[in-house]
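Visitor: The following block contains the structure, expressed as structure tokens.
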Amino acid sequence: MPSPEQIRGAVDAYVTAYNANDRAGFLDAFADDGVLIDPVGTPPHEGAEALGAFWDLVHGMTDAIKLDVSAVHVCDGGEAAMVFRIQAGEGANGMVINAVETFCVDDAGKITLLKAYWDMGEVTAAG
């Protein structure tokens, strides 16, 4: 079972990669067979190739994405939940999305499952 430090480290690596626009860092935060469901209810992205395609798609839609984390709750059993705001785009074209993501982390400190919870109907303009 991963330690609390490994779990927090996996979440931190994911956030750092997003905020630095670091595709390789994003992929490295996941296990080779990691799964991302973003948002929950959409088809999962499984494995490095699919995760890379997800990154490319999302980053092809906007010039900047920043994650403003308000809380990370690390739990026993290799899991964590993160409460945050997504700032996509800049200036008048920017938008803000309130979100929660849950993480499952393996013994190597890599994300095996990430689920994103957000609602496009609640997106607000940045500003």
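The values are calculated or read from the model by the stated rules, or taken from the named source; none is laboratory data. Computed from a prediction, not measured in an experiment: that's the story for all the values here. Every residue, glycine as well, gets a Cβ built from its backbone with ideal geometry; the counts of neighbours run over all protein chains shown. Ligands, DNA and RNA are stripped out before the accessible areas are found, and what is left, the full protein with its side chains, is counted by its heavy atoms. Shrake-Rupley method; radii C 1.70, N 1.55, O 1.52, S 1.80 Å.
Visitor: Cα centroids of region 3-23 and region 37-59: how far apart, whole angstrom?
Guide: Comparing the Cα centres of region 3-23 and region 37-59, I get a distance of 17 Å.
Visitor: Just the number, please: percent antiparallel of the DSSP beta bridges in the chain, rounded to the nearest 5.
Guide: Numbers: 30 of 35 bridges.
Of those bridges, close to 85 percent are antiparallel.
Visitor: Right, something else. Rounded to the nearest 500 deg cm²/dmol, what is the calculated helix-only ellipticity per residue at 222 nm for the chain, with -39500 (n - 2.57) per DSSP H run of length n ≥ 4?
Guide: -9000 deg cm²/dmol, from helical runs alone.
Visitor: Sticking with this structure for a sec: In percent, how large is the relative contact order of region 51-127, given Cα pairs closer than 8 Å and 6 or more residues apart?
Guide: 24
Visitor: Convert each backbone phi in region 29-35 into a coupling constant with the Karplus relation 6.51 cos²θ - 1.76 cosθ + 1.60 (shift: θ = phi - 60°), then list the ³J(HN,Hα) values in order as whole Hz, x for Gly and Pro.
Guide: Using θ = phi - 60°, the values come out as 5, 9, 5, 4, 9, x, 10 Hz.
Visitor: Just to verify a number: FRET efficiency for Arg85 and Leu57, C-beta to C-beta distance, R0 = 22 Å, to 0.05?
Guide: After rounding, the FRET efficiency stands at 0.60.
Visitor: Still on this structure, please answer the following. So what's Rg/Rh here for region 29-127, counting alpha carbon atoms and using the Kirkwood radius for Rh?
Guide: When Rh is taken as the Kirkwood radius, the ratio is 0.98.
Visitor: So with the 1.4 Å probe, I'd like the accessible area per residue for the chain, rounded to whole Å². Mind dumping the intermediate values first?
Guide: Details: 6740 Å² over 127 residues.
The answer is 53 Å² per residue.
Visitor: Using a Gaussian network model of the chain whose springs link C-alpha atoms within less than 10 Å, name the residue from Ala64, Ala88, Ala53 with the highest mean-square fluctuation.
Guide: Ala53
Visitor: Starting from the residue with the highest accessible area, list Tyr18, Tyr117 in decreasing order, probe 1.4 Å.
Guide: Details: Tyr18 15, Tyr117 100 Å².
Ranked list, largest accessible area first: Tyr117, Tyr18.
Visitor: Taking only Cα atoms and a 10 Å spring cutoff, compute GNM fluctuations for the chain and point out the largest among Ala92, Ala80, Ala13.
Guide: Of Ala92, Ala80, Ala13, the Gaussian network model singles out Ala92 as fluctuating most.
Visitor: Moving to a separate point now. What are the principal axis extents of the Cα atoms in region 1-77, in Å, biggest first?
Guide: Largest to smallest, the principal-axis extents are 35, 25, 24 Å.
Visitor: Still on this structure: Pick out, from Ala88, Gly47, Ile37, the residue whose Cα sits farthest towards the positive end of the charge dipole of region 1-98, with +1 on the Cβ of Lys and Arg and -1 on the Cβ of Asp and Glu.
Guide: Farthest along the dipole direction, towards plus: Ala88.
Visitor: Something else: Take the solvent-accessible surface of the protein heavy atoms, probe 1.4 Å, and return the percent of it on the chain that carbon and sulfur atoms account for.
Guide: Percent of accessible area from carbon and sulfur atoms in the chain: 53.
Visitor: If you fit an axis through the alpha-carbon atoms of helix 4-19 and take the longest principal axis of the Cα set of the chain, what angle between them do you get, 0 to 90°, nearest 10?
Guide: It is inclined by approximately 30 degrees.
Visitor: Could you work out which residue, out of Met82, Met95, Met61, moves most in a Gaussian network model of the chain, that is, has the largest mean-square fluctuation with Cα springs under 10 Å?
Guide: Comparing Met82, Met95, Met61 in a Gaussian network model of the chain, the most mobile one is Met61.
Visitor: Can you tally the net charge around Ala20? Count Lys and Arg as +1, Asp and Glu as -1, for every other residue whose Cβ sits under 15 Å from the Cβ of Ala20.
Guide: Local charge sum for Ala20: -3.
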